[in-house]
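*Asks:* My structure is below; once you've seen it, I'll send some questions.
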Amino acid sequence: DEARLAETYVQLTKCLFYIIAYCESCVLHSIFCASSGPGHFMAEQWNPLGIVGVITAFNFPVAVYGWNSAISLVCGNPVIWKGSPTTNLTSVAVTKLLSSVLSRNSLPGSICSLVCGGADVGEAIAEDSRVNLVSFTGSTAIGRRVGQIVQKRFGKCLLELGGNNAIIVMDDADQVLALRSVLFAAVGTAGQRCTTTRRLFLHEAIYDEFLEKLVKAYTQVKIGNPLEAGVLCGPLHTKAAVNAYRDGIKDVLDQNGEVLFGGRVLDDLKGNYVVPTLTRISHDAPVVQNEIFVPILHVFKFKELGDAIAMNNSVKQGLSSSLFTTKPEHIFKWIGPAGADSGIVNVNVPTNGAEIGGAFGGEKETGGGREAGSDSWKQYMRRATCTINYSGILPLAQGIKFE
């Protein structure tokens, strides 16, 4: 509504004002180092990288651009943005807000440029050597293509790709907390978050009881218009997503799995509505190995934590993983070198969502990129090691002397 839009505009204006003020006052960024040479000064000099290209996905049409553009602007880089072709109106609206704030601060609107289009436009950004960093959020398949194109010209890439996230519930876990977390992480946003829970590992001692409660919880999920009160599961983004849902259910059944709940497209509702689905299948079935961007949750049983960790790490993606337990020995194994191999490793917190203060991103086929976090700014800058000799003497190695 108008009130919320006005408040958003005010907050955005304040944010950009501080970013601009910081950019104008922070021309140089140096980290001083000790030099081994007498009369020498050494520093790591961080300078703006240049143009940053940001290619974002449909599911977070503003947030991911905000992460990238805010840090990029602070580091002194202009940004060119290509949003998903299905969210162009959002991209245009945000860019108009940015342009008005920039112009009121006597800065060109082109600092935050926008291009709209399909894969051809994204490929053009990836190929253009004038774009010094390409930040891409999307599927692993497309991200692999973007990475290859950018690497071919020795450009820099920041990739946020597929997730295939998992929750492990131990027998000592707070089951009420775990149940609520699994339901929200698997069903919320209709399973269309990068961090949505796709796989659930239950300890054998609680497997039957927990699964019974989870099925009952699924029966109570309200599906419909997400603007209505009490609705947890809204529509899928496109008809293509509905087809992916159908194909996923078929693959589960073809690969000796079973549907415990759901598995239906709601054709009677106007829109792309499906029933959030629970399946039981082998953890190494082909359908489990790749992320399906819909609300399908695969459930598995395990005996020991080590077994669950091995199954969690067996997929090629590694964005977010969560363990529910109350035992310190389980916690520190989970977050240590023998634990989860994902970029986000949670305890008693679901996989979905992330605090903006922490580094967001994953390992393996998730791409290795990190947005936000303590040193994320380094990705948007060019580092130079500078040695300055102010002694007037040129010391030479190996005792070499010039007469």
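The values are calculated or read from the model by the stated rules, or taken from the named source; none is laboratory data. All values reported here derive from a predicted model rather than from experimental measurement. Every residue, glycine as well, gets a Cβ built from its backbone with ideal geometry; the counts of neighbours run over all protein chains shown. Quick note on the areas: whole protein, heavy atoms, side chains included, nothing else; ligands and nucleic acids left out. Shrake-Rupley method; radii C 1.70, N 1.55, O 1.52, S 1.80 Å.
*Asks:* So, how do all the Cα-to-Cα distances of the range 293-334 break down into 5 Å bins, in percent, from 0 on up?
*Replies:* Taking all Cα pairs of the range 293-334, the binned fractions are 5, 16, 27, 29, 15, 6, 2 percent.
*Asks:* Further question on the same structure: Please identify the helices of the chain, taking whole runs of DSSP H, that span at least 15 Å along their own axis as judged from the Cα atoms and have a mean Kyte-Doolittle score of 1.0 or higher.
*Replies:* Helices meeting the criterion: 63-74, 175-187.
*Asks:* For the range 274-281, in order, what is each residue's ³J(HN,Hα) by Karplus, 6.51 cos²θ - 1.76 cosθ + 1.60 with θ = phi - 60°, in whole Hz (x at glycine and Pro)?
*Replies:* 9, 8, x, 10, 10, 10, 10, 7
*Asks:* Among 395, 190, 165, pick out the residue whose Cα is farthest towards the positive end of the charge dipole of the chain, where Lys and Arg carry +1 and Asp and Glu carry -1 on C-beta, about the Cα centre.
*Replies:* 395
*Asks:* Another one. Using the heavy atoms of the protein chains and a 1.4 angstrom probe, tell me the accessible area per residue for the range 132-184 in square angstrom.
*Replies:* Normalised by residue count, the accessible surface of the range 132-184 is 42 Å².
*Asks:* With a ≥ b ≥ c the root eigenvalues of the C-alpha gyration tensor of the range 63-188, is it rounded (a/c under 1.5), prolate (a/b larger than b/c) or oblate?
*Replies:* Prolate, because a/c is 1.5 or more and a/b exceeds b/c.
*Asks:* Still on this model: Using the crude model of +1 on Lys and Arg Cβ and -1 on Asp and Glu Cβ, and no other charge, please compute the dipole size for the range 64-159 relative to its Cα centre, in debye to 20.
*Replies:* Roughly 140 debye, rounded to the nearest 20.
*Asks:* Next up: Taking H as built 1.01 Å from N, whose amide H comes closer than 5 Å to the amide H of residue 274, not counting residues under 5 places away?
*Replies:* 236, 266
*Asks:* To continue, here is another question. Nearest 500 deg cm²/dmol is fine: what mean residue ellipticity at 222 nm does the chain get from its DSSP H runs of n ≥ 4 alone, each adding -39,500 (n - 2.57), divided by its residue count?
*Replies:* -11000 deg cm²/dmol
*Asks:* Which loop-located trypsin sites (Lys or Arg not before Pro) does the range 248-355 contain, where loop means any DSSP state but H, G, I, E or B and the Cβ has at most 10 other Cβ atoms within 10 Å?
*Replies:* Loop-located and lightly packed - 270, 303.
*Asks:* On to the next question. Can you pull the percent of the chain's accessible area that's carbon plus sulfur, 1.4 Å probe, other chains left in place?
*Replies:* Whole-percent figure for carbon plus sulfur exposure: 57.
*Asks:* Output the relative contact order of the range 280-381, whole-number percent, from Cα pairs under 8 angstrom with separation of 6+ residues.
*Replies:* 22 percent
*Asks:* Further question on the same structure: Checking the a/c ratio against 1.5 first, then a/b against b/c, what shape does the Cα gyration tensor give for the range 81-134?
*Replies:* Taking the square roots of the gyration eigenvalues as a ≥ b ≥ c, the range 81-134 is oblate.
*Asks:* Just subtract the alpha-carbon distance of residue 363 and residue 63 from 0.36 nm times their residue separation and send over the number in nm, one decimal.
*Replies:* Computed gain between residue 363 and residue 63 is 105.9 nm.
*Asks:* Sticking with this structure for a sec: Given (1) 64, 50, 39; (2) 86, 55, 37; (3) 64, 52, 45 as candidate values of Cα extents along the principal axes in Å, which corresponds to the one derived from the coordinates?
*Replies:* Only one option fits the structure, namely (2).
*Asks:* What whole-number distance in Å separates the alpha-carbon centres of the range 52-98 and the range 308-359?
*Replies:* A separation of 29 Å, based on Cα centres.
*Asks:* Show me the ranking of peptides 283-290, 366-373 by mean Cβ neighbours inside 10 Å, starting with the highest.
*Replies:* Ranked from most to least packed, the peptides come out as 366-373, 283-290.
*Asks:* Taking a 1.4 Å probe, which of 311, 42 shows the most accessible area, and what order do the others take after it?
*Replies:* 42, 311
*Asks:* Of 155, 101, 126, which is farthest along the charge dipole of the range 101-162 in the positive direction, counting Lys and Arg as +1 and Asp and Glu as -1 at C-beta?
*Replies:* Of the listed residues, the answer is 155.
*Asks:* Something else: Calculate I(q)/I(0) for the range 186-337 by the Debye formula, one identical point scatterer on each C-alpha and no solvent, and give its log10 at q = 0.09, 0.14 Å⁻¹ to two decimals.
*Replies:* -0.30, -0.71
*Asks:* Of 290, 271, 80, whose Cα points farthest to the positive end of the dipole of the chain (charges on the beta-carbon: +1 Lys, Arg; -1 Asp, Glu; origin at the Cα centre)?
*Replies:* So the residue we want is 80.
*Asks:* Would you mind finding the longest exposed-site-free stretch of the chain, with exposed chymotrypsin sites (Phe, Trp or Tyr not before Pro) meaning DSSP loop and at most 16 other Cβ atoms within 10 Å?
*Replies:* In the chain, the maximal stretch lacking such sites is 155-389.
*Asks:* Remind me, relative contact order of the range 132-241 in percent, using alpha carbon pairs under 8 angstrom and six or more residues apart?
*Replies:* 22 percent
*Asks:* Residues with amide H under 5 Å of residue 346's amide H, sequence separation 5 or more or different chain, H placed in the peptide plane at 1.01 Å from N; which?
*Replies:* Correct list: 321, 322, 323.
*Asks:* Related question: Calculate the dipole size of the range 293-355 relative to its Cα centre from +1 charges on Lys and Arg beta carbons and -1 charges on Asp and Glu beta carbons; express the result in debye to the nearest 20.
*Replies:* 140 debye
*Asks:* Now a separate question. Under a plain spin-label model, where a point goes 7 Å from the Cα along Cα-to-Cβ, how far apart in nm are residue 222 and residue 153?
*Replies:* Spacing of the two 7 Å Cα→Cβ label points: 5.0 nm.
*Asks:* Charges at C-beta only: +1 for Lys and Arg, -1 for Asp and Glu. How large is the resulting dipole of the chain about its Cα centre, in Debye rounded to 20?
*Replies:* So the dipole magnitude of the chain works out to roughly 860 debye.
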